[in-house]
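Structure first, then comments.
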Amino acid sequence: MKITLKKNEERRILSGHQWIFSNEIEKTEDFEINGQIAELFTSSGKFLGRGFYNRNSLIAYRHLTDKDEEIGKSFLFRRLSMANALRRKKNNCGEVYRLCNSESDLLPGLIIDKFYDRYSIQIFSAGMELLKNEIKEVLMENFKAEFIIEKNDNDTRTLEGLEKREGILHDSTDSDEKEFMAELDGIKIMIDLVNGQKSGYYLDQQENRVLIRKYIKEGDKVLDLFCNEGGFSLNASLAGATEITAADSSGHSIKIAVRNSELNGFKNIKFLETDAFDLMNEYFQMPDRFDFIILDPPSFTKSRKNVFTALKGYTELNYKAMKLLKPNSFLFTFSCSYHISEKAFEDMLIQSAQKADRKIQIVEFRNSSFDHPVLPQMGETKYLKGYLLRVTV
Ligand code: SAH
């Protein structure tokens with residue numbers, strides 16, 4: 001099919017962004033089904049490339065290539081090989097990483113996490129959904145996949161007219177046990193691709209988890225709120241922290257976190273299945289307790305509308321955390337919402353510090369791990385912000 005843009009609407013695509021919104025399209029020809037491959041043209045008829053078209057989505061077109069090339073198995077193989085090559089550029093990258101990070105790896109709507117020869121895929125665009133079988137075949141033929149699962153339970157799929165779906169696409173492992181052990185930066189973790197959240201383990205935080213080893217010392221008391229399967233706490237324990245309290249409201253996550261801790265022989269992490277806000281209120285009565293606090297909440301807002309309410313939630317958590325820290329200790333605080341800008345988050349931190357009557361310094365400013373690259377030309381690919389603060393007197 002063919003898409004012709006309105007005048008000047010090619011500028012974003014030319015800069016390397018990958019989306020065309022429905023109101024930027026002048027006309028479409030030969031439309032058959034949502035997700036089909038379309039050829040894109042400027043208003044004056046210049047060919048711009050090929051991508052997915054979805055009539056039902058606000059993001060009507062997702063760009064795949066500037067070239068006049070066929071989109072199929074060999075295209076997917078080339079793009080996935082290019083993505084894999086970036087991961088392999090990191091020394092000792094291991095066998096567990098995000099192999100493909102959607103738009104950031106020029107494959108819009110496709111996320112693939114690799115755990116040795118097991119792969120978890122998430123699809124967010126109607127076009128990728130149509131290519132699911134080809135994706136599976138490339139993983140089997142070129143990436144030695146023994147097990148492939150789709151974890152398509154994300155709400156954003158409905159924006160593309162896709163149903164939620166989870167299931168095993170391929171399994172040639174000889175074990176009935178679907179959980180397995182992985183080793184990440186010297187720490188053993190159980191991976192449960194079938195029952196775990198999202199891809200099974202949040203790989204975007206891996207480098208930040210390891211970073212805390214630089215700052216945690218023997219004797220330290222650590223609080224890890226929204227701990228999920230315990231990633232930060234395990235690293236705190238390895239670094240020698242004396243007492244670690246970790247909390248998450250998901251019983252399933254806590255169960256896995258406890259097992260991860262046992263797997264590594266750590267005895268000093270207390271995992272609590274509880275609401276992080278409630279726990280904070282309980283601890284708040286007893287200030288000056290911790291040397292290092294990690295705050296890694298889920299996204300408080302999925303849209304621009306709710307930014308104000310989300311910031312109130314962040315302030316509540318951050319000001320209380322600052323109060324709970326001993327003087328001159330660390331707060332590692334995150335936002336994984338794209339709609340909360342760095343500026344808004346920093347303003348929130350300033351207000352929180354004022355409310356807590358403490359002073360703060362930014363020691364490290366962090367992004368997601370190396371296997372979650374960001375496109376500067378496409379702000380939507382940058383969502384995770386992490387501030388390691390020293391909270392002084
Ligand atoms: N720090 C984790 C990732 C956190 S993801 C890591 O390193 O892997 C956000 C987590 O917050 C999820 O595990 C979710 O179960 C939990 N969560 C959501 N709302 C919560 C609440 N009100 N109290 C405690 N945990 C909550």
Q. Any idea which of (1) surrounded by fewer than 21 Cβ atoms within 10 Å (Cβ to Cβ); (2) of a type outside the set (Phe, Trp, Tyr); (3) within 15 Å of the ligand (Cβ to nearest atom) is the one Ile293 doesn't satisfy?
A. (1)
Q) Is it true that Val194 is farther than 27 Å from Tyr283 by Cβ, without any contact (Cβ under 8 Å) to a residue 60 or more places away in the chain and of a type in the set (Val, Ile, Thr)? A) yes
Q: Any chance you could count how many residues in the range 228-248 are closer than 13 Å to Arg259 by Cα and either of a type outside the set (A, V, I, L, M, F, W, C) or near the ligand (Cβ under 6 Å from one of its atoms) (or both)?
A: 5
Q) Is it true that some residue in the range 185-197 is assigned to a loop (DSSP other than H, G, I, E, B), within 12 Å of the ligand (Cβ to nearest atom) and not assigned by TED's automatic domain parsing to the domain that holds Asn328? A) yes
Q | Complete set of residues in the range 198-227 that are within 11 Å of the ligand (Cβ to nearest atom), assigned to a loop (DSSP other than H, G, I, E, B) and charged (D, E, K, R) | A | Lys198
Q: Please specify each residue of the range 304-355 satisfying the condition of being of a type in the set (Gly, Ala, Ser) and within 26 Å of the chain's Cα centre (by Cα).
A: Ala310, Gly313, Ala321, Ser335, Ser337, Ser341, Ala344, Ser352
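Please state which one of Glu39, Glu24, Glu29 is under 21 Å from Gln377 (Cα atoms), among the acidic types (Asp, Glu) and outside the structural domain of Leu162 (by TED's automatic domain parsing).
Glu24
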Q) Restricting attention to the range 248-298, and to residues there that are in a loop (DSSP other than H, G, I, E, B) and in contact (Cβ under 8 Å) with a residue 40 or more places away in the chain, which single residue is farthest from Cys336 (Cα to Cα)? A) Asn264
Q.
When you scan the range 301-309, do you find a residue that is of a type in the set (A, V, I, L, M, F, W, C) and closer than 25 Å to Asn235 by Cα, even just one?
A. no
Q: Give Phe365, Phe308, Phe334 a once-over and let me know the one that is surrounded by 14 or more Cβ atoms within 10 Å (Cβ to Cβ) and either within 15 Å of the ligand (Cβ to nearest atom) or of a type outside the set (S, T, N, Q) (or both).
A: Phe334
Q: State whether one or more residues within the range 298-319 are more than 30 Å from Asp155 (Cα to Cα) and basic (Lys, Arg).
A: no
Q.
I'd like to verify a number: residues in the range 309-325 that are farther than 10 Å from Gln351 by Cβ, touching a residue at least 40 places away in the same chain (Cβ under 8 Å) and in a helix (DSSP H, G or I), how many?
A. 5
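The values are calculated or read from the model by the stated rules, or taken from the named source; none is laboratory data. Since the structure is predicted, the reported quantities are computational estimates derived from the model, not experimental observations. Cβ coordinates were reconstructed from backbone atoms using ideal geometry, including for glycine residues, and neighbour counts include every protein chain displayed.
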